[in-house]
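Down below is the structure, laid out as structure tokens.
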Amino acid sequence: MLLFSKIWKTGIATEMLQAGDPAAIEIGRALERRIKRLFGRALAIREVDAGSCNGCELEITGLTSPVYDMERFGMHFVASPRHADMLLVTGPVTRNMEIPLRRTYEAVPAPKFVVAVGDCAKTCGVFKDSYAVVGPVDRVIPVDISIGGCPPEPTDILRGILQGLDRFSQKRETTALTLEPVAAVR
Amino acid sequence: MAFGTFALIVMVVGYAGGACLSLLARSQRSARMLTALGAVVGCVGGLAAAVSVFATRVPVEAVLPNLVSAAGGVVIRVDLLGAFFLALVAAVSLPAAIYGTTYMAEYEDRCSMRVFGLMFNAFLLGMSLVPCAANIFTFVLAWELMAVSSYFLVMTESENADTRQAGLWYAAMTHLGLVLLLPMFFLMAGGSEATSFADLRTGAATLTAGTRNVVFLLALAAFGSKAGIVPLHVWLPRAHPAAPSHVSALMSGVMIKLGIYGLVRVMFDLMPSGPAWWGGLLLAVGSVSALLGVLYALVEHDLKRLLAYHSVENIGIILIGLGAGSILHGVGLRALATIGFAGALFHTLNHACFKGLLFLGAGSVVQQTHTRNMEEMGGLIKRMPHTALCFLVGSVAIAALPPLNGFASEWLIFQSLLAGTYISRPEIAVGFPIAVGMLALTSGLAAACFVKAFGISFLAMPRSDHAAHARECHWSMRAMMMVLAGSCVVLGLAAPLVIRGMNPIIDSVPGLSAGEPLPRSPQLWLMVPNGSAQVSPLLMAVLLGAIALAVLLAIHAGGLRVRRADTWGCGRISQTPRMEYTASAFAEPLRRVFAEVYQPTQDLSISVHPESRYFIQSITYTSHVVPWFEKAFYDPVTGGARALATQIRRLQAGSLHLYLLYVVAALVAALAFAWWSK
């Protein structure tokens, strides 16, 4: 009974979806075509927070919101780097996250595609020279493309991924022939 | 002398000789060897007798009228149904006895091997004689020999309080069965002097419907308490873990099947063509047993208790087959009914094989890890690869996955239930689909349970020092497990041939027989007589093998390379066994779904730092699943018995005067009775 009275009192708690950023839709469509050609299936993304202030995470979460809804363009977040094609790394790499980040990178199947999101991931931003920080992401693992902004908007992130995929297609052709041996970290 | 009679004599002499010789053995070690020697000779004799009955289709008979002639003497008659169960007893006892030779070595300094040898062989003799008995006296004698000797086998580790408790439960439940068994036979005899089964069969036709119903209910309860149907199953999860593992294998694999034998003998052979509700009751009891058995197995983390609960489940599945068959038989769909009966009998055989195998596997694991708690195992597949492989075969078979034997028999039982659609009666239209649903749920949960049992025990990293230092068990134990594992595979692949071989058994029993020649099914296909469904385990195996081969070839030909790396552990620096998935965690989602059934108790205690409650010093969480129906059914009974005993104890006050009064009162009462009856 409580449930029904609550439903009655609350009314409709959602609102009509406003039309999103048309630029984002356009980039999304381009991404969709590119992903389909490169992978023949959806792009699996693993997000790693290497020490971010969570500003970038807010924007990345926006990608899955009804406005951007990146799953319709064939991109989705996965729960393990073993399932991922691409790593999305945010924040300056803190000392605590250095080894976990490296291990995550090793766990991704080759060819590995790394996108560093935000100013911190690119240059350490305001945390530069902090005692707690090892350095930007490319000090720890090879980065394919960095997306600037503090934080970058969802559209910027989509655009960055699109540019990165171009490099990725070249990388894939070379790595398919020379798969580097991976030593397990003990 | 006929070959069959000779084989029976070899069997009895083997078991009796094993019992006596091991009692007289000079050392503990030689007692172990003689125990196995007698058992092996007995098993070979039993198998030979069964084979001769199968080959000649002539029952083996032996009558010793002068042995306790007041009760009708000892009458032995091994017909086809008896031979089937005799073969089942012998076939599982043989590997179990050889396995026990090495397995019992660790018990040498804890208990007497001589007494164990006596009881073990007496147990095998009792089990072998039950399906051979052809009169009430012989049957009850063999039944009690089996019950009493197995009680002593359960009590092997009697210094353990849990074992004594288990022994008490077992003794109480098994004698409850006897208490119901005797009135059942007396009612069947109907006041006449008839004691042989042949007389009972002819006499049963003249019984009134009410008497027949009472006899049926008594038989269901008496044999059900041995077979372990819910709610009479309470002794299984207590007694099976307490006994040495090869004895558990025999009790779970074979002894409880003799409960099924008794039920089939009374319900379908001595009193055939009962009313429809008999079958309906079997079906209902079977469905409930199967579902509750697997549900309790799911939350059990003691490896042997888990297997014991699975026995309850499988007995339920067998009863479903018998119940469905009996209902179909009752409405005249006799050819279809044989599918249910064949499925039930085949599942009896299959369960004996894979449950025996699983208990032997569990025995090897327990011997090495010194614990029955799955949460302290792990990583055993690296340390005991052969045991792990055998246990895996048993797990796949009991989970009814093709192409092993569990699949074939459960498929037949499913088909017999689906055949209920041919009967247009409302109670069947409602009842059969519910039974199908419960059986399907049971099979699914059983598969989940064995993913847990195998995964937690054998995979990942060892969770305790004992598990880390486990070594592969003795070759003789492994060889016996492989024999049983091989039989699971062969029975699975050759299922259509086995079913063909079973048709004469079914035809020989009046209540099971189709009464018409069945259409000969093709060699490779299991088939429903009306042709509505068919499946071929062998072709399935070939297909699965081909798929596996194709995947392997694709990996090799595709140039894919194998990369060896650590298990993904969320990037943490060090991984310890404490971070592994546990059996409790695996079962937790299902425990929540079925919380209404389990009624778990939970206790969470958090101790905080005295300065601030934000600093937590320790968190203790305990949760138990206590079967509520055990409380509901048995607490009043045990409480009542206790209260009654306290009342009766007043009679024995220790006062001599009171006892003299009793004597005088008894005398006066006797005199008064004598005067009155004059």
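The values are calculated or read from the model by the stated rules, or taken from the named source; none is laboratory data. All values derive from a computational prediction rather than experimental measurement. Heads up, the Cβs are rebuilt from the backbone with ideal geometry, glycines too, and the neighbour counts pull from every protein chain shown.
Let's see how each residue does on (1) more than 30 Å from the chain's Cα centre (by Cα); (2) farther than 30 Å from B:Glu300 by Cβ; (3) basic (Lys, Arg):
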| residue | (1), (2), (3) |
| --- | --- |
| B:Glu588 | no, no, no |
| B:Thr622 | yes, no, no |
| B:Asp635 | no, no, no |
| B:Thr638 | no, no, no |
| B:His657 | yes, yes, no |
| B:Leu661 | yes, yes, no |
| B:Ala665 | yes, yes, no |
| B:Lys678 | yes, yes, yes |
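Counting only strands (runs of 3 or more DSSP E) wholly contained in region A:52-150, the ones carrying 2 or more residues that are within 14 Å of chain B (Cβ to nearest Cβ) and of a type outside the set (Ser, Thr, Tyr) occupy A:86-90.
For region B:272-279, does any single residue satisfy the condition of being surrounded by fewer than 24 Cβ atoms within 10 Å (Cβ to Cβ), closer than 19 Å to B:Tyr170 by Cβ and touching a Pro at 6+ places or on another chain (Cβ under 6 Å)? No, the conditions are met nowhere in region B:272-279.
The single condition among (1) more than 30 Å from B:Thr387 (Cβ to Cβ); (2) at pLDDT below 95; (3) assigned to a helix (DSSP H, G or I) that B:Leu319 does not meet is (2). Filtering region B:588-602 down to residues that are β-branched (Val, Ile, Thr) and assigned to a helix (DSSP H, G or I), which residue is nearest to the other protein chains (Cβ to nearest Cβ)? Restricting to residues being β-branched (Val, Ile, Thr) and assigned to a helix (DSSP H, G or I), the top hit is B:Val593.
Does B:Lys382 count as charged (D, E, K, R) and at pLDDT 95 or above? So B:Lys382 does not fit the description; no. Listed here are the helices (runs of 4 or more DSSP H) enclosed by region B:475-586 that have at least 1 residues being at pLDDT below 90: B:495-508, B:537-557. Can you pull out the residues in region B:548-587 that are within 10 Å of chain A (Cβ to nearest Cβ), surrounded by 10 or more Cβ atoms within 10 Å (Cβ to Cβ) and more than 26 Å from B:Phe454 (Cα to Cα)? Residues satisfying the conditions are B:Leu560, B:Gly571, B:Arg572, B:Ile573. Scan region B:195-203 and tell me whether some residue there is outside any helix (DSSP H, G or I) and either touching a residue at least 40 places away in the same chain (Cβ under 8 Å) or closer than 21 Å to B:Ala641 by Cα (or both). Within region B:195-203, one or more residues are outside any helix (DSSP H, G or I) and either touching a residue at least 40 places away in the same chain (Cβ under 8 Å) or closer than 21 Å to B:Ala641 by Cα (or both).
Against the list (1) small (Gly, Ala, Ser); (2) surrounded by 10 or more Cβ atoms within 10 Å (Cβ to Cβ); (3) assigned to a strand (DSSP E or B), the condition B:Gly640 fails is (3). Taken over region B:401-414, the criterion of being among the polar types (S, T, N, Q) and surrounded by fewer than 23 Cβ atoms within 10 Å (Cβ to Cβ) is satisfied by no residue. Among the residues that make up region B:42-53, is at least one of them of a type outside the set (A, V, I, L, M, F, W, C), part of a loop (DSSP other than H, G, I, E, B) and closer than 30 Å to B:Cys488 by Cβ? Within region B:42-53 (the criterion being of a type outside the set (A, V, I, L, M, F, W, C), part of a loop (DSSP other than H, G, I, E, B) and closer than 30 Å to B:Cys488 by Cβ), the answer is no, since none of the residues qualifies.
Here are some residues: A:Leu38, A:Leu43. Which one is surrounded by 12 or more Cβ atoms within 10 Å (Cβ to Cβ), under 30 Å from A:Pro109 (Cβ atoms) and touching a Gly at 6+ places or on another chain (Cβ under 8 Å)? From the options A:Leu38, A:Leu43, the qualifying one is A:Leu43.
Among the residues of region B:390-414, the ones that are aliphatic (A, V, I, L, M) and in a helix (DSSP H, G or I) come to 8 in all. Looking across B:Ala147, B:Ala134, one residue alone is closer than 23 Å to B:Val264 by Cβ, surrounded by fewer than 21 Cβ atoms within 10 Å (Cβ to Cβ) and hydrophobic (A, V, I, L, M, F, W, C). It is B:Ala147.
Taking the condition of being surrounded by fewer than 22 Cβ atoms within 10 Å (Cβ to Cβ), in contact (Cβ under 8 Å) with a residue 24 or more places away in the chain and part of a helix (DSSP H, G or I), how many residues in region B:415-427 meet it? Adding up the residues that qualify gives 3. Applying the set (1) closer than 23 Å to B:His474 by Cβ; (2) more than 17 Å from the chain's Cα centre (by Cα) to B:Leu81 leaves exactly one unmet item: (1).
Would you call B:Ala583 touching a residue at least 60 places away in the same chain (Cβ under 8 Å) and under 30 Å from B:Ile339 (Cα atoms)? Against the criterion (touching a residue at least 60 places away in the same chain (Cβ under 8 Å) and under 30 Å from B:Ile339 (Cα atoms)), B:Ala583 does not qualify. Checking B:Gly363, B:Gly378 one by one, the residue that is crowded, with 21+ Cβ neighbours inside 10 Å and in contact with a His (Cβ under 8 Å, 6 or more places away or on another chain) is B:Gly363 and no other.
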